[in-house]
Amino acid sequence: MKQPGSPKVIGYEYLTEAIIIATKEPTPNLSRLVAAKHGKTPASVERAMQNAINRAWSNGNPEDLARNYTAVINYERGVPTLTEFIYHYANRFRNEL
């Protein structure tokens, strides 16, 4: 198990926080908000979140990914962008509430 503070855990935590913020109110500069809370730069937060997404897509079970992420993904990229991922889940959770 990864220790708290490791890059894999941090990216996941930043994504979770960004999705919660976007669920309450769609807002630009989510990375800036998350970064300010954690004393990091927006670029480092974005990088950690995108790395978490990339790892999930490269190491995850394809059937689980297809079942849980139903948005269209550009086949040339093969993984969702940070914004696509965050707002897909924010909209999904908002609709379930």
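Only one entry of 23, 83 meets the criterion of being of a type in the set (Val, Ile, Thr) and open to solvent by 60 Å² or more (accessible area, probe 1.4 Å), and that entry is 83.
On the given criteria, is residue 69 in contact (Cβ under 8 Å) with a residue 12 or more places away in the chain and hydroxyl-bearing (Ser, Thr, Tyr)?
When the stated conditions are applied, residue 69 passes them.
Residue check, residue 70 against (1) assigned to a loop (DSSP other than H, G, I, E, B); (2) open to solvent by less than 90 Å² (accessible area, probe 1.4 Å), all met but one. Which one? Unmet for residue 70, out of (1) assigned to a loop (DSSP other than H, G, I, E, B); (2) open to solvent by less than 90 Å² (accessible area, probe 1.4 Å): (2).
Within segment 26-45, the set of residues being closer than 21 Å to residue 69 by Cα and surrounded by fewer than 20 Cβ atoms within 10 Å (Cβ to Cβ) comprises 26 only. The single residue among 16, 41 that is within 18 Å of residue 93 (Cβ to Cβ) and either within 11 Å of the chain's Cα centre (by Cα) or not charged (D, E, K, R) (or both) turns out to be 16.
The values are calculated or read from the model by the stated rules, or taken from the named source; none is laboratory data. For clarity, every value in this text was computed on a predicted model and none was experimentally measured. Cβ coordinates were reconstructed from backbone atoms using ideal geometry, including for glycine residues, and neighbour counts include every protein chain displayed. To get the accessible areas, we keep the full protein, side chains included, count just its heavy atoms, and leave off ligands, DNA and RNA. Shrake-Rupley method; radii C 1.70, N 1.55, O 1.52, S 1.80 Å.
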